[in-house]
Structure formats: C-alpha cells, structure tokens
Amino acid sequence: MTRNARALLALSLLPVLLTGCGADKESGSGGAAADNAELAAAAEDWGVEPELVYVTEVSGFTVFQASVGAYGDGEFAAAYRSDKGSTRIGLFAGHSTLTAENCAEQPLGADALKPVACEQDGDAWYRTAGGVHEYAVPRDGVVVRLIADKEKVDRTVLREAAEAVHRPDDGELAALRPAGDSSDA
C-alpha cells in the first residue's frame, strides 16, 4: 500500500478513533516512568511496540480509554476529550522522522489531500492543512503527533499538549487501561 493510501486509510478512521464509545519521562506529572514490564504488557495488549506509548497532559482534557491502542500501520493512539464537551485532541506516535525536507510531504489528518504548511517551533513542528493542525514532537526515533480541529482547539492549547508529551508513569499507564485490566491476568 502506498504511503498516501495508508495515510488516507488511517486518517479516514480518525473521527471513529476520536469519538469512540459511551524509559524516562521527559516532562509531565513528575512521577517515575512506568515499570518496563507493565508498559510492555500494556503495549502487547494494544498491539504496539512499548517505545511508542506516550501520553500528554493538557488542562481541561482527559484521556478517553476506549480510544487507546494500535492505529493504522502499527502506531499508538489515544484521544483526549475536553472535560466540558466534545472537543478532542488526538495523540499518535509512530516510528518516523520529520524534517524541513519532508514535513510538507506528509499528509495531515482528515485533510490529507490539502497542502501542508510547516513551521518549526522549538524542537517540534507546527503543521496545518485545511481545518486541522498538529504539533509533531520527535522523541528518540518516534514522532508523537497531537492533532485537533483548528476551530475547536487553539494553537496555545495544542502547544501545551506538545510540551507535555512524555512516557507514562504507573498512574498514567493505569489511566490508559480499562478498570480491572492488568498484566497479572
């Protein structure tokens, strides 16, 4: 499958992922990174590689457990819902690179056929296309993307989410998994 076809397939599923139903930390809550065995077990349950599991913290948003897991071609995904409504931020992590040379060539969200504009913002890339925008944050061979509707999530909030991207601690890992879900089972 071509890169564009894969991207279109994965991105066409973005609304489904975001609506759902009913190592070391680099920033975040200040807790220690999750136990490697627990992280490996959770990643295996989700069908992703452990090094792809990332979380973020953004004021007014909570991870939606039903959205957590594998997405597209082996990426990790999680949706964060606004505590006050249906506004969402999607987090996607996959093995890739993002450079000035390839930034605009990589499709963005449901507007995958629209031209992508890229702007380096510190260590991250701020990207826009059509009605969506994202921050793409490189981390040790992984690019973590935080994507949202431009009219529902402003750039400042999206930047806050990007700056808070980190590996989960034990509590955050537990919050990603449904109650009663444990590697001990």
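Along region 83-89, what does the Karplus equation 6.51 cos²θ - 1.76 cosθ + 1.60 (θ = phi - 60°) give for ³J(HN,Hα), rounded to whole Hz, x for Gly and Pro?
5, 10, x, 9, 5, 9, 10
Length gain on complete extension for the stretch Leu113 to Gln65, per 0.36 nm per residue less the alpha carbon to alpha carbon distance?
On the way: separation 48, 0.36 × 48 = 17.28 nm, distance 2.97 nm.
Residue separation times 0.36 nm, minus the Cα-Cα distance, leaves 14.3 nm.
Would region 81-185 count as rounded, prolate or oblate if I go by the C-alpha gyration tensor, calling it rounded below 1.5 in a/c and otherwise prolate when a/b exceeds b/c, oblate otherwise?
Values: a/c = 2.12, a/b = 1.51, b/c = 1.40.
Judged from the Cα gyration tensor, region 81-185 comes out prolate (a/c at least 1.5, a/b above b/c).
Quick one: if the Förster radius is 25 Å, what FRET efficiency do Thr99 and Ala175 give, using the C-beta to C-beta distance and rounding to 0.05? Working shown, then result.
Numbers: r = 33 Å, r/R0 = 1.33.
Once rounded, the FRET efficiency stands at 0.15.
Over region 93-185, what relative contact order in percent results from Cα pairs under 8 Å that are six or more residues apart? Don't skip to the end; give the middle numbers.
On the way: 126 pairs, mean separation 19.4, N = 93.
Contact order relative to length: 21 percent.
Treat the count of other C-beta atoms within 10 Å as a stand-in for reagent exposure and order Val137, Val58 from fewest to most.
Working: Val137 27, Val58 20.
Taking fewest neighbouring Cβ atoms as first place, the list is Val58, Val137.
Among 148-159, 73-84, 93-104, what's the highest-first ranking by average C-beta atoms within 10 angstrom per residue?
Working: 148-159: 16.2, 73-84: 18.6, 93-104: 14.3.
Ranking the peptides 148-159, 73-84, 93-104 by packing returns 73-84, 148-159, 93-104.
Within 10 Å of each residue's Cβ, count the other Cβ atoms and sort Ser59, Ser67 from fewest upward. Write down the numbers at each step before the final one.
Working: Ser59 9, Ser67 22.
Listing Ser59, Ser67 from fewest to most nearby Cβ atoms yields Ser59, Ser67.
Throughout, read-outs are computed from the coordinates displayed, never taken from laboratory work. Owing to the predicted nature of the structure, the values given are computational and were not obtained by experimental measurement. Reconstructed Cβ throughout: ideal geometry from the backbone, glycine too, with neighbour counts over all protein chains shown.
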